[in-house]
1. For the subset of the stretch 157-172 comprising residues that are hydrophobic (A, V, I, L, M, F, W, C) and out of contact with any Gly (no Cβ under 7 Å at 6 or more places or on another chain), which member is nearest to ASP315 (Cα to Cα)?
2. Would you mind finding the one in LEU68, LEU18 that is at pLDDT below 90 and not small (Gly, Ala, Ser)?
3. Quick one: would you say TYR170 is assigned to a loop (DSSP other than H, G, I, E, B), aromatic (Phe, Trp, Tyr) and touching a residue at least 24 places away in the same chain (Cβ under 8 Å)?
4. Any residue that is polar (S, T, N, Q) and either within 23 Å of GLU131 (Cα to Cα) or at pLDDT below 95 (or both) - is there at least one of those in the stretch 376-386?
5. Can you find even one residue in the stretch 96-103 that is closer than 26 Å to ALA200 by Cβ, of a type outside the set (Phe, Trp, Tyr) and surrounded by fewer than 24 Cβ atoms within 10 Å (Cβ to Cβ)?
6. Any idea which residue in the stretch 100-120 is nearest to LEU146 (Cα to Cα), counting only those that are assigned to a helix (DSSP H, G or I) and within 14 Å of the chain's Cα centre (by Cα)?
7. Testing ALA181 on (1) touching a residue at least 40 places away in the same chain (Cβ under 8 Å); (2) in a loop (DSSP other than H, G, I, E, B); (3) among the aliphatic types (A, V, I, L, M), one condition comes back false. Which one is that?
8. Is there any pair linking a residue in the stretch 227-238 that is closer than 14 Å to ILE33 by Cα to one that is hydroxyl-bearing (Ser, Thr, Tyr) and assigned to a loop (DSSP other than H, G, I, E, B), with Cβ under 9 Å and at least six apart or on different chains, and which?
Amino acid sequence: MRRSLRPDAGLPAGLLWLFAIVAGISVANIYYIQPLLGLMRDDLGLTDLTADLVALATQVGYALGLFLAIPLGDLFQRKHIIVTLMSVLCASLVVIAASPWPWLTVLASLVTGACSVTPQIFIPIASQFSEPLNKSRNVGRVLSGLLVGVLGGRVLSGLVGEAWGWRSMYVIAALLMAVCAVVVLAALPAMPANYEGTWAGLMGSLLRLPRAHPRLMAYSARSGLCFGSMLAMWSTLAFKLEGTPFHASSDVVGLLGLCGVCGALTASFAGRWVDRFGVRAFNVVGAGCQLAAWACLWFGQNTYAGIIAGIILLDIGMQCVQLSNQSTAFALDPSASSRINTIFMTTYFVGGAVGTLLAGAAWDAWAWAGVLGTGALMAAASLAITATGRPDRVPAAA
């Protein structure tokens, strides 16, 4: 596994599994908070809106990490970047676990989000170094691992929070990341850099890529809007379920994350079919699923059946949109895969942060009806970009 990798030459199966597993463990750090918001609010003496800002801080931090750290994957050895991020992440998780002050929790959550971006280094690697015919499939596999981390993080944090308190979850998370850092340091092989130049030139190229590839921003924006639609639900679900008629605790909210396994399975399946059916078709289906989800969350808002149906449809729709757009974006310029992923995922998580912020404000003003309106409008906006834009074509290298 320690041999050097060459573009388009293929990835060892063991390395692909490593990417998927570590990606899942890493990304879980920004989702542990969602079932724990009620417990954290009560412990730190926060309002619902202020507690929602802690979740927002992780999303904003992730967007900052994508913009500042991920481009370095084209300039420096990716192993060194990954291990450095994981080391800082361990420290920020310990700070959250021990923090007695809301402002310190928000600040550490911002750093935690920024240093949890390592999955977005693994995904471009899977695209760049896979054999051409396997690129979308392998990206889908890594994305499946990431999604298992998203849903597993919610489940685990809900159970741990209910049993031992919300702070215990962050101690466990720090230990998991320390193990991941050691494994990556030992197992990740050398990879050639994609960019020869200075950091300033590298960051300047981020501005040139959208001009060189106009469809990149469309791929990014419609994915970000759908992600914001999904997070509108997850960032307020704990508040909804603790009230009438559910009166649910954090472990129930976490267990609902298991519904997201449908999204993980969708990503694995969709990676094989993007080239055949096209990115446009996947976007129409994905945004349509999310609109159907919000209908379920409205008509079935006081039943677990309605909530579960909404979660499943939101996750399936999200993965159809993200995987089709992300794999197609990589094919625009494989030699700039880390920078393309920076633009794509920064836009994606800005959309998530906007969805989280708007949903928190809407919940404060209009309760669940406001959240439903926020999520549905964001999904509709994504569908509108697809409907009004020119047809997408998957590049031959995708």
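The values are calculated or read from the model by the stated rules, or taken from the named source; none is laboratory data. This is a predicted model, so every value here is computed, not measured. Positions of Cβ are backbone-derived with ideal geometry, glycine not excepted, and every protein chain shown enters the neighbour counts.
1. VAL160
2. LEU68
3. Spelling it out, it is not the case that TYR170 is assigned to a loop (DSSP other than H, G, I, E, B), aromatic (Phe, Trp, Tyr) and touching a residue at least 24 places away in the same chain (Cβ under 8 Å).
4. Yes, the stretch 376-386 contains a residue that is polar (S, T, N, Q) and either within 23 Å of GLU131 (Cα to Cα) or at pLDDT below 95 (or both).
5. No, the conditions are met nowhere in the stretch 96-103.
6. Filtering first and then ranking leaves PRO119.
7. (2)
8. Final answer for the pair search is TRP234/TYR31.
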